[in-house]
Amino acid sequence: MAIEPIIVKIAASRITLRELAEIEDNIVYCEEKLAIAQSDIPLKDYYEIGQKNVDYHRLIAQATIIRSSHSRKIMLWILSPI
């Protein structure tokens, strides 16, 4: 079972307008680079698109975060070193 559809569903219910705009900018950037390159993608653009892919997934993950202060405290406690 793929986890991405579940994560996207959660993100869609919690995403902010700023995060949504960042994702849209990310997609537009990659589409423009790919349209210009046609068949041969310059190495620099290849790496930039790769980084944008990482950013895209980070933005989706970020949108899944519960934003209440109580939840944030719990997450910080869970992630804190022993």
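Here the calculated FRET efficiency for ILE65 and LYS44, from their Cβ-Cβ distance with R0 = 41 Å, stands at 0.80, rounded to the nearest 0.05. Computed with the Debye formula from one identical point scatterer per Cα of region 1-44, without solvent, the log10 of I(q)/I(0) at q = 0.17, 0.25, 0.27 Å⁻¹ comes to -0.67, -0.85, -0.89. Can you pull out the chymotrypsin sites (Phe, Trp or Tyr not before Pro) in region 1-72 that DSSP calls coil and that have at most 11 other Cβ atoms within 10 Å? Of the chymotrypsin sites (Phe, Trp or Tyr not before Pro), not one in the loops of region 1-72 has a Cβ with at most 11 other Cβ atoms within 10 Å.
Throughout, read-outs are computed from the coordinates displayed, never taken from laboratory work. A quick note: this is a predicted structure, and the numbers were derived from the prediction, not measured. Cβ: placed from backbone, ideal geometry, glycine included. Neighbour counts: every protein chain shown.
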